[in-house]
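Student: Structure incoming, see below.
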Amino acid sequence: MKRFILMLAVVMLAVLGVNAQTEKTLKGKLTNVQMNNNNYADVEGVTFILTDNGDGTGTLESEEPIGPIGKMPGAINVNMAVAIDSKGGLSAKEDSKAGVLDLNIGGSVTLYTTSLTGDTTTFVLKTKALSVFGKAIFNASVTFVAE
């Protein structure tokens with residue numbers, strides 16, 4: 001009987017003592033696509049995976065590389081830390097890593113967050129690839145709209 005109670009206690013601690021991560025698949029399209037002040041066509045069939053750590057933090061990742069879009073010399077892989085509020089709102093720290101642009105000619109360029117606002121049904125992600133003398137270079141902005 002003591003063994004049974006001990007096993008039950010261990011199982012309960014394992015189940016209750018861990019913040020469970022949950023994943024949510026966000027399928028939709030990118031609209032209002034802007035890069036370096038040029039507008040581009042919507043990008044259909046985009047999927048993001050939002051992992052909620054259960055403590056107000058998480059990650060937002062593109063399921064597959066996005067692009068190329070327009071004259072973009074490669075494809076973007078989004079992989080960023082996010083804050084998730086109790087109502088599902090998303091935000092990210094400015095200048096935190098947002099992902100990478102994998103160049104067709106080899107190599108990659110790190111993308112940094114300018115802002116992330118919205119929730120799991122619609123969010124706006126603004127990024128920059130470089131900042132010179134405090135001025136952002138290679139700006140990009142997209143709006144994700146869930147299906």
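Student: Roughly what would the spin-label model give for Asn37 and Glu94, points 7 Å off Cα along C-beta, in nm?
Tutor: 2.1 nm
Student: While we're on this one: Taking the highest mean first, how do the peptides 75-85, 48-58 order by number of other beta carbon atoms within 10 angstrom per residue?
Tutor: Packing proxy ranking, top to bottom: 75-85, 48-58.
Student: As an exercise, use a Förster radius of 25 Å and the Cβ-Cβ distance of Ser115 and Thr57 to find the FRET efficiency, rounded to the nearest 0.05.
Tutor: 0.90
Student: Got a sec? Charge dipole of region 37-147, +1 on Cβ for Lys and Arg, -1 for Asp and Glu; which of Pro73, Leu50, Ile84 is way out at the positive end?
Tutor: Pro73
Student: Summing +1 for each Lys or Arg and -1 for each Asp or Glu, what net charge is found among the other residues whose Cβ lies under 9 Å from the Cβ of Asn79?
Tutor: Once positives and negatives cancel, what remains is 0.
Student: How big is the charge dipole of region 70-124 about its Cα centre, in debye rounded to the nearest 20, if each Lys and Arg gets +1 on its Cβ and each Asp and Glu gets -1 on its Cβ?
Tutor: 80 debye
Here, each number is a calculation from the coordinates, and none is a lab measurement. The shown structure was predicted, so the numbers you read here are calculated from the model rather than taken from an experiment. Positions of Cβ are generated from backbone atoms using ideal geometry, with glycine treated the same way; all protein chains shown enter the neighbour counts.
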